Amino acid sequence: MAQFYLLSIFANIVAGLTLAGDFLGERIPFLSSFKNLRENRTAQIVVGAVTLVIGAVKLFLGSPGETVLIAGDLLPALTGIALGGVLLVEAFRAEVEKQGGKMEKVKKISKAVLSYRVPLGIAGVAVAFVHFLLPGLIIL
């Protein structure tokens, strides 16, 4: 479906730029607005949930002209699931810390995942651009 193809690309770019917003905002001034998006908890939840759902749907819907069902968009789908999951983890981690929760396991997992949020965000943007330029490749 062509709509989900474009929606997947757009969601991965927005989620990737949101995760890497503070890093990219320092180097490219017009991307500094994504830093504000990352600091807004509601925006994080919405972008994360939408990207996660679109990534899950993309596992079963192929890009235009594809014949391979699941492996056709495997990398963009997994990237969307990962970006959405990291955004949701970051949003809910901040809420747990604000409430003074004693959830040590959640804090340990979120610390391990969130230490790689900038490289994951940049990789998500790169996967989205390559998927946009080469939609018919198997696995991409």
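The values are calculated or read from the model by the stated rules, or taken from the named source; none is laboratory data. From a predicted model like this one, the values you see are computed outputs, not experimental measurements. Because the Cβ atoms are built from the backbone with ideal geometry, glycine has one as well, and the counts that use them run over all protein chains shown.
Numbers below:
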{"quantity": "All positions within the stretch 64-82 that are at pLDDT 75 or above and either farther than 15 Å from Ser110 by Cβ or among the hydroxyl-bearing types (Ser, Thr, Tyr) (or both)", "calculated": "Asp73, Leu74, Leu75, Pro76, Ala77, Leu78, Thr79, Gly80, Ile81"}
{"quantity": "Of residues in the stretch 102-122 being among the small types (Gly, Ala, Ser) and crowded, with 18+ Cβ neighbours inside 10 Å, the one modelled with the highest pLDDT", "calculated": "Gly121"}
{"quantity": "Selected residue (criterion: modelled with the lowest pLDDT) from residues of the stretch 17-60 that are among the basic types (Lys, Arg) and buried (at least 21 other Cβ atoms within 10 Å of the Cβ)", "calculated": "Arg38"}
{"quantity": "Total residues in the stretch 1-16, condition crowded, with 17+ Cβ neighbours inside 10 Å and either among the hydrophobic types (A, V, I, L, M, F, W, C) or under 21 Å from Val89 (Cβ atoms) (or both)", "calculated": "10"}
